[in-house]
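One structure is given here, and the rest of the page talks about it.
The values are calculated or read from the model by the stated rules, or taken from the named source; none is laboratory data. Predicted, not measured: the structure shown is a model, and the values here were computed from it. Glycine also receives a Cβ, built like all others from the backbone with ideal geometry; neighbour counts cover every protein chain displayed.
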Amino acid sequence: MPAVGSDVVIAGIGETPVGRLPGWSPVEIQAAAVLAALRDAGFALSDLDGLINLDPYATPNSMFSSTLAEHLGVAPRFACTVDVGGTVTGMTMLQQAVWAIESGYCDVAACVYGENALTGRPAGAQGLHMHNLLGGEEWEEPFGLHGMVIPYALLAQRYLDLYGATDADLAAVALVTRRHALLNDNAQMRKPMTLEDYRASRLISSPLRLFDCSLVSDGGGALVLTRAGRAPQGRGRGVAIRAIGMKTTHNSVALMPDIPGLGMAAAGADAYEAAGMGPEDIQIANLHDAFTISVLVSLEALGFARPGEGGALVRSGAMDLGGRWPLNPHGGLLSQAHIGGMLHITEAVRQLRGEAGRRQVEGARRALVSGNGGIFSVCGAMILEKP
């Protein structure tokens, strides 16, 4: 697995407020995030000549990169819309931006995602109605396999059966990410949660409870990339992308491998090999947490814990701030906001720049970000490093 080119860095990050943003459209949210990231890097809008985005899931929009470019009033030399699934799309956008800059297609590229999934849904609706198809509906929906919660519940039940895990393992993930969200002023969930609160929350699809499931959120996140030293606000703030590994194994749940055969282990192995690192070299773990089970599977696949021992690792305090591998210091998809995983990346950059305030991980030099689309259908692992 080749390493990512070292000449291109993440020079700017942008986040909108999260939670409820009534009146904001998806294109307005994405535009606000891009403008914030450009300001952070010190660029003017006129400097932007590369634009990569993911269109909104609740209201899919073909050619959304050109829609956003027109809204911003720019005419980029390189533009595309990327969707390889869920949170792995963010790192795919970054990889394409690096290639575009290195090959001379553009000099300053923005990667962005955001939408109004919460306030844009019909009044009284629960959850997120995805209007785009995933490809297996005719084979799965007739048997009751709808949406994302039920497939992840099947994965969680298999994990509990395979390893003898309990709800305490799932709860540990929900509790640590909530504790971290309490330190983030831009978090959707700011109320403390106890184990009793977790167990009192209603079952959504057994064994997953309400607090095992990520949030439906409005909001956006963006990253601006350019060559090292080019950003006006550079001065050592650029964060390097050391490695990105990806693996696709399936689409339909019916063809999903058993947990040991999911693609996250292969993606992580490729990223570690390309970076010349291992889990012991990582200080921050920003892991996919659309559901609590996602974290347990990812922790073990990426070498932070042995199979079946992810819950014990989280309960030990190793994933808390001040622990060995703080997990999602921003609160993650479970307690900050579900913005397609983009805020996992902006948080990693913020931490590596030492700008995370009350939740700053002391001495952080390297962060691992994981993502997956579908039900671990496409898996990705990325290592970012402070120069």
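Here's the yes/no breakdown for (1) within 23 Å of Gly268 (Cβ to Cβ); (2) surrounded by 24 or more Cβ atoms within 10 Å (Cβ to Cβ); (3) modelled with pLDDT under 95; (4) in contact with an Asp or Glu (Cβ under 6 Å, 6 or more places away or on another chain):
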position: Ala337; (1), (2), (3), (4): no, yes, no, no
position: Gln360; (1), (2), (3), (4): no, no, no, no
position: Cys379; (1), (2), (3), (4): yes, yes, no, no
position: Glu385; (1), (2), (3), (4): yes, no, no, no
Practice item. Determine the pairs where a residue that is part of a helix (DSSP H, G or I) and crowded, with 24+ Cβ neighbours inside 10 Å, located within the range 263-275, has a partner that is of a type in the set (Ser, Thr, Tyr) and at pLDDT 95 or above with Cβ atoms under 7 Å apart, the partner being 6 or more residues away or on another chain. Key: Met264/Ser298; Met264/Ser370
Point to revise | Answer from Ala37, Ala11 - the residue that is under 21 Å from Thr67 (Cα atoms), in contact with a Gly (Cβ under 6 Å, 6 or more places away or on another chain) and either modelled with pLDDT of 95 or more or outside any loop (DSSP other than H, G, I, E, B) (or both) | key: Ala37
Review point. Out of Thr87, Thr67, which single residue is under 29 Å from Gly245 (Cβ atoms) and among the β-branched types (Val, Ile, Thr)?
Key: Thr87
**Study point:** Criterion (surrounded by fewer than 20 Cβ atoms within 10 Å (Cβ to Cβ), within 19 Å of Leu327 (Cα to Cα) and among the acidic types (Asp, Glu)) met by exactly one of Asp197, Asp185, Asp212
**Key:** Asp185
Check your understanding: Does His344 satisfy being buried (at least 24 other Cβ atoms within 10 Å of the Cβ), part of a helix (DSSP H, G or I), out of contact with any helix residue (DSSP H, G or I) (no Cβ under 6 Å at 6 or more places or on another chain) and at pLDDT 95 or above?
Key -> yes
Check your understanding: Pick from Thr166, Thr177: which is modelled with pLDDT of 95 or more and surrounded by fewer than 19 Cβ atoms within 10 Å (Cβ to Cβ)?
Key -> Thr166
Check your understanding: Within the bounds of the range 180-189, is there any residue that is in a helix (DSSP H, G or I) and either among the basic types (Lys, Arg) or at pLDDT 95 or above (or both)?
Key -> yes
Check your understanding: Only one residue in Val295, Val224 is assigned to a helix (DSSP H, G or I) and modelled with pLDDT of 95 or more. Which one?
Key -> Val295
Review point. Which ones in the range 85-107 are under 19 Å from Ala228 (Cα atoms) and not hydrophobic (A, V, I, L, M, F, W, C)?
Key: Gln95, Gln96, Glu102, Ser103, Gly104, Tyr105, Asp107
Check your understanding: Of the residues in the range 43-60, how many are over 17 Å from Thr119 (Cβ atoms) and either surrounded by fewer than 17 Cβ atoms within 10 Å (Cβ to Cβ) or of a type in the set (A, V, I, L, M, F, W, C) (or both)?
Key -> 9
Exercise for review: Among the residues of the range 183-222, write down those that are within 23 Å of Arg20 (Cα to Cα) and β-branched (Val, Ile, Thr).
Suggested key: Ile204, Val216
Study note, to complete from the structure: Of the listed residues (Gly311, Gly303), the one being assigned to a loop (DSSP other than H, G, I, E, B) and not hydroxyl-bearing (Ser, Thr, Tyr) is Gly303
Review point. So which residues in the range 142-197 are more than 18 Å from Ile293 (Cα to Cα) and of a type in the set (Phe, Trp, Tyr), if there are any at all?
Key: Phe143
Exercise for review: Determine, yes or no, whether Ala364 is crowded, with 24+ Cβ neighbours inside 10 Å, of a type in the set (Gly, Ala, Ser) and in contact (Cβ under 8 Å) with a residue 60 or more places away in the chain.
Suggested key: no
Review point. Out of (1) within 23 Å of Leu333 (Cα to Cα); (2) surrounded by fewer than 23 Cβ atoms within 10 Å (Cβ to Cβ), the odd one out for Glu280 is which?
Key: (1)
Check your understanding: If the Cβ limit is 6 Å and pairs must be 6+ apart or interchain, which residue in the range 70-82 that is in contact (Cβ under 8 Å) with a residue 40 or more places away in the chain pairs with which residue that is surrounded by 14 or more Cβ atoms within 10 Å (Cβ to Cβ)?
Key -> His71/Val27; His71/Ala31; Leu72/Ala31
**Study point:** Scope the range 84-113; condition surrounded by 24 or more Cβ atoms within 10 Å (Cβ to Cβ), farther than 16 Å from Leu51 by Cβ and hydrophobic (A, V, I, L, M, F, W, C); matching residues
**Key:** Val88, Met91
